[in-house]
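Each remark here refers to the structure printed beneath this line.
The values are calculated or read from the model by the stated rules, or taken from the named source; none is laboratory data. Predicted, not measured: the structure shown is a model, and the values here were computed from it. So basically every Cβ, Gly included, is an ideal-geometry build from the backbone, and we count neighbours across all protein chains shown. The accessibility values were calculated without ligands, DNA or RNA, using every heavy atom of the protein model including side chains. Shrake-Rupley method; radii C 1.70, N 1.55, O 1.52, S 1.80 Å.
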Amino acid sequence: MIDPKYFKQHSGVGEWIDIMIRMEGPVVSAMRIIFSCDWEIETGENIFFLPDQVKIINEAEYNYTTNIIPSGPGFSEGLIQQVLLTAIYSARKKIVITTPYLVPSDDLLHAICTAAQRGNYTKIVK
């Protein structure tokens, strides 16, 4: 992470701001498993996280659901698209999409617009 004002000032590229989040709770275990599988595929090295390396938290403190959707050569090509469509069409109150690279397909754009017309608060963070 770097202040965009100082990165490659004379290279002819514009400023941008990266997004970084901190994840805690059960979702971390899923992310570690996905990471370790990807790491082993790319390097051949098997890394394993011991249970004492996972921070135990009080889940009652959190009132949200997080889903991790892996992608890559071992997964069907339309998996993320299908999960997003299902989630957006199922939304009842709020939709927050955080991605630096959102280029929605016609189906995804239609789902977002339909959700907004149903009264969902929709926010896309780039």
* S71 accessible area, nearest 10 Å², 1.4 Å probe? -> 70
* Evaluate E = 1/(1 + (r/R0)^6) for I69 and H10, where r is the Cβ-Cβ distance and R0 equals 22 Å; express this FRET efficiency to the nearest 0.05. => 0.05
* Structure fact -> Taking R0 as 41 Å and r as the Cβ-Cβ distance between E24 and Q117, the FRET efficiency 1/(1 + (r/R0)^6), rounded to the nearest 0.05, comes to 0.75
